[in-house]
Amino acid sequence: MSDQVLIKGARLYGEGDPVDVLVSDGVIARIGPGETPEDAVELEARGQVLLPGFVDLHTHLREPGREDTETIASGSAAAALGGYTAVFAMANTDPVADNSVVVDHVWRRGREVGLVDVHPVGAVTVGLKGEKLAELGTMAKSAANVRVFSDDGVCVADPLLMRRALEYSTALDVVIAQHAEEPRLTVGAQAHEGEQSARLGYPGWPASAEESIVARDCLLALHAKARLHICHVSTAGTTDVLRWAKDRGTKVSAEVTPHHLLLTDERLTTYDPINKVNPPLRTRDDTERLRQALADGVIDCVATDHAPHAVQDKDCEWSAARPGMLGLQTALSIVVETMVRTGLLDWRGVARVMSERPAEIGGLSDHGRPLLEGEPANLTLVDPDAEWTVRGRELASIAANTPYEGMRLPGVVSATLLRGRITSREGKIE
Ligand code: DOR
Ligand code: ZN
């Protein structure tokens, strides 16, 4: 197979006139007119938007342990179809990715599959138990070269342990990603604490459970001169805390999920656990403030929190259901719906929040790069005008728990290239 691809007539960042982009030997070889090598594969872009490949800082791939819901292979396919060229695989697998054996396995398996760069996230504490620090240094120095550590799914609640992790992280030049949820404030919690939870009779999940940990950890990071990343910001109050912390020079970054940008707790009237997620869906005011914070840069990036779950873990009574929803194949469309169509972000902005900032935060030097000659050809081609209808069964994930079932969404990923190789095209894996 040819290792050259000619992308014909693409608009870089959705700007200016369409240009041809020649990809050769894994890099962008030429932008603009020139000779077409005979054996180059042609991709007709017809004025579509060319962006740097998306990077997801927050994906649950479920391997090892729950291969009945997702594997590194199926999740990589979903990522490539969603326009991603790199994903960070969360550590809450079984066994937990709290040692170099597990992280190296995930890393190697990702390479074998070859559809997307799979970067394992290492656990902060042994077994995600929040009692003892895991061997961060060993994981950072392993073949997987772990750059991001998180106990995601649970919060590193002990302030002393969190402080130690942050201090240790500075020496390793890695980032601690916190799932901000004060567990003492969410015992038995089922839904955002507010009018809706009161009406439905669900135990409430207060905004302060998130905001108090974000405030605490920003202060810990500031004093330790450490980098901190806040996972799935879900409340307006958290954006206020982040703005304050950033103004004071805290090295804090933050992500928001597509579902927290679009969906609200108004959906909970159906009692359908498809809408159950951690942190919970919040109010209309929260979604609006999250969108604004993403546009302003107070929230740095979009991360999916792609969380596949088996039918028996979602199609059951609300309180017994697992939290989480699929996200990799719908993320771009939700960003188009909430941020582009509303005028809050242009395509340069989409490149920033879906590719450049997450690559920087995750320490990737070959993703989120500018669209320039000589740069690695990790690319996503998007048809901004096309629409599609979401069908959970048709997604590449093994699980099908999408909250967008039957919805018509704008923005279609028409091709993804990883180091110059087409990984997905027209909705199919290559
Ligand atoms: O909804 C969620 N699901 N939130 C998390 O923090 C963990 C995730 C999972 O692993 O299913
Ligand atoms: Zn989480």
> All other residues with a Cβ under 13 Å from the Cβ of G122 taken together, and with Lys, Arg as +1 and Asp, Glu as -1, what is their net charge?
Replying inline: -3
>> As a test of the formula, what do you get for the chain when each DSSP H run with n ≥ 4 contributes -39,500 (n - 2.57) and the sum is divided by the residue count, at 222 nm and rounded to the nearest 500 deg cm²/dmol?
In response: -7500 deg cm²/dmol
> What number comes out for the charge environment of L220, summing +1 per Lys or Arg and -1 per Asp or Glu over other residues with Cβ under 12 Å away?
Replying inline: +3
> Of the residues G65, G411, G343, which exhibits the maximal mean-square fluctuation in a Gaussian network model of the chain defined by a 10 Å Cα contact cut-off?
Replying inline: G343
> Local charge sum around N92 (other residues, Cβ-Cβ under 13 Å, Lys/Arg +1, Asp/Glu -1)?
Replying inline: -3
>> Only four residue types carry charge here, +1 at the Cβ of Lys and Arg and -1 at the Cβ of Asp and Glu. Report the dipole size of the chain about the Cα centre in Debye, rounded to the nearest 20.
In response: 740 debye
> Which trypsin sites (Lys or Arg not before Pro) does segment 397-430 hold that lie in a coil by DSSP with at most 16 other beta carbons within 10 Å?
Replying inline: none
>> Just to make sure I understand: if all protein chains stay in place, what is the order of K314, K251, K246 by accessible area at 1.4 Å, largest first?
In response: K251, K246, K314
>> How large is the translational diffusion coefficient of segment 235-382 in µm² per second when you combine the Kirkwood radius over alpha carbon pairs with Stokes-Einstein at 4 °C and 1.567 mPa s?
In response: 78 µm²/s
>> Can you pull out the GluC sites (Glu not before Pro) in segment 158-220 whose DSSP state is coil and whose Cβ has at most 13 other Cβ atoms within 10 Å?
In response: none
> Leaving out ligands, DNA and RNA, what percent of the accessible area of segment 319-424 is carbon and sulfur, probe 1.4 Å?
Replying inline: 45 percent
>> Tell me which trypsin sites (Lys or Arg not before Pro) from segment 1-109 have a DSSP coil assignment and no more than 15 other beta carbons within 10 Å of their own.
In response: R46
>> I'd like the antiparallel share, as a percent to the nearest 5, of DSSP beta bridges with both residues in the chain.
In response: 50 percent
> What does the accessible area per residue of the chain come to in Å², with a 1.4 Å probe and no ligands, DNA or RNA counted?
Replying inline: 38 Å²
> When the convex hull of the C-alpha atoms of the chain is computed, what volume per residue in Å³ does it have?
Replying inline: 125 Å³
> Using the beta-carbon distance between D39 and A386 and R0 = 51 Å, what value does 1/(1 + (r/R0)^6) give for FRET efficiency, to the nearest 0.05?
Replying inline: 0.95
>> Run the reach check for K314 against aspartates and glutamates, Cα to Cα strictly under 20 Å, same-chain hits fewer than 8 apart removed. What comes back?
In response: E63, E67, D68, E70, D94, D152, D265, E266, D272, D305, E394, E405
>> Between segment 133-164 and segment 282-315, how far is it from one alpha carbon centroid to the other, in angstrom?
In response: 23 Å
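The values are calculated or read from the model by the stated rules, or taken from the named source; none is laboratory data. Bear in mind that the values here come from a model prediction, so they are computed numbers and not experimental data. Here the Cβ is made from the backbone with ideal geometry for all residues, glycine too, and neighbour counts use every protein chain on show. Heads up: the accessible areas ignore ligands, DNA and RNA and are worked out on the full protein's heavy atoms, side chains in. Shrake-Rupley method; radii C 1.70, N 1.55, O 1.52, S 1.80 Å.
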